[in-house]
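Written out below as structure tokens is the structure these notes cover.
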Amino acid sequence: MNFQPPSKSLTTRDYIFIAIVVMVFIAVSVGLVYANLSLPAGGGEFLRHWAGARAYMFERVDPYTTYVPETVQDLVYGTSAPAGNEPYILDTPFYLLLLYFPFALLPDPMLARAIYTMILEWALFAFALLSLRLTEWVVPRWYYVLFFLFCVFNFYSIQALKDAAPVLLLGLIYAGILLALQNEADELAGALAVAATYYWGAGCPFFF
């Protein structure tokens, strides 16, 4: 008996499934952006990069002057930073600031923050998923639900989303490095390790 290998071409059902997944992803993403527009004041970690990128692109101002912290403080606090609060001085190397240039094309800081936060929310979901893959646990389905709820609604995740900090993206990258090494995908691990240098304090062990 001859066994034919399965066809590699996609069927109509496959195209329909892919289309549904893409539409659901877009709908959820739009819903997250709309919900993020009502976030309380904050997001200074992102806004200082957004303001720095816009200062360089449109204002022709050195992003490492007092222009950026003054702009961000006004957005976050409504005035100059009160004593003891974060002044949001831009100290990110310029080559990393380039990553924020696409968001700087948006003149509305709250819309830019909402879109960036949406990316962080998807990163948080993927981070939790990769973490479970790394552990290779065999657990009941209800545990997965509790795990994802804990990942999303714990203090550190909520604070990272409120500040629009890149820590969630970095966590996803670190988990990706470990998963790539686990699956002997050294090239992918190396590419992700380069991105891990964003914050040397946390990413250096993964890089080495």
Inset, instruction - Report whether or not Ile115 is in contact (Cβ under 8 Å) with a residue 40 or more places away in the chain and not in a helix (DSSP H, G or I). - result: no
Inset, instruction - Exactly one condition in (1) modelled with pLDDT of 90 or more; (2) within 30 Å of Leu178 (Cα to Cα) is not met by Leu98; state its number. - result: (1)
Legend entry - Count of the stretch 90-112 residues which are outside any helix (DSSP H, G or I), touching a helix residue (DSSP H, G or I) at 6+ places or on another chain (Cβ under 7 Å) and more than 21 Å from Pro40 (Cα to Cα): 2
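For Leu47, state whether it is buried (at least 19 other Cβ atoms within 10 Å of the Cβ) and not hydroxyl-bearing (Ser, Thr, Tyr). Walk me through how you get there before you give the answer.
Working: buried (at least 19 other Cβ atoms within 10 Å of the Cβ): yes; not hydroxyl-bearing (Ser, Thr, Tyr): yes.
It is true that Leu47 is buried (at least 19 other Cβ atoms within 10 Å of the Cβ) and not hydroxyl-bearing (Ser, Thr, Tyr).
Assess whether Ala104 counts as being surrounded by 14 or more Cβ atoms within 10 Å (Cβ to Cβ), more than 27 Å from Tyr34 (Cβ to Cβ) and not polar (S, T, N, Q).
Values: surrounded by 14 or more Cβ atoms within 10 Å (Cβ to Cβ): yes; more than 27 Å from Tyr34 (Cβ to Cβ): no; not polar (S, T, N, Q): yes.
Spelling it out, it is not the case that Ala104 is surrounded by 14 or more Cβ atoms within 10 Å (Cβ to Cβ), more than 27 Å from Tyr34 (Cβ to Cβ) and not polar (S, T, N, Q).
Could you tell me how many of the residues in the stretch 50-85 are assigned to a helix (DSSP H, G or I) and either surrounded by 15 or more Cβ atoms within 10 Å (Cβ to Cβ) or free of Cβ contacts under 8 Å to residues at least 12 places away in the same chain (or both)?
In the first step, residues of the stretch 50-85 are kept if they are assigned to a helix (DSSP H, G or I); the result is 50-57, 67-77.
Still in the list and also either surrounded by 15 or more Cβ atoms within 10 Å (Cβ to Cβ) or free of Cβ contacts under 8 Å to residues at least 12 places away in the same chain (or both): 50-56, 67-77.
Qualifying residue count for the region: 18.
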Inset, instruction - Among the numbered conditions (1) farther than 20 Å from Ala164 by Cα; (2) among the basic types (Lys, Arg); (3) within 23 Å of the chain's Cα centre (by Cα), tell me where Arg54 comes up short. - result: (1)
Legend entry - Leu129 surrounded by 15 or more Cβ atoms within 10 Å (Cβ to Cβ) and not in a helix (DSSP H, G or I): no
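Inspect all residues belonging to the stretch 193-203 and state whether any of them is free of Cβ contacts under 8 Å to residues at least 60 places away in the same chain and touching a Ser or Thr at 6+ places or on another chain (Cβ under 6 Å).
In the first step, residues of the stretch 193-203 are kept if they are free of Cβ contacts under 8 Å to residues at least 60 places away in the same chain; the result is 193-197, 199-203.
Within this subset, residues satisfying the condition of being touching a Ser or Thr at 6+ places or on another chain (Cβ under 6 Å) are 203.
Among the residues of the stretch 193-203, at least one is free of Cβ contacts under 8 Å to residues at least 60 places away in the same chain and touching a Ser or Thr at 6+ places or on another chain (Cβ under 6 Å), which makes the answer yes.
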Inset, instruction - Kindly list, by first and then second residue, each pair from a residue in the stretch 1-21 that is modelled with pLDDT of 55 or more to a residue that is outside any helix (DSSP H, G or I), limited to pairs with Cβ atoms under 8 Å and residues at least 6 apart or on different chains. - result: Ile18/Leu10
Legend entry - Flag for Tyr88 being on the phi < 0 side of the Ramachandran plot and either in contact (Cβ under 8 Å) with a residue 12 or more places away in the chain or loosely packed, with under 11 Cβ neighbours inside 10 Å (or both): no
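The values are calculated or read from the model by the stated rules, or taken from the named source; none is laboratory data. Since we're looking at a predicted model, the values are computed, not measured. Cβ atoms come from the backbone with ideal geometry, glycine included; neighbour counts cover every protein chain shown.
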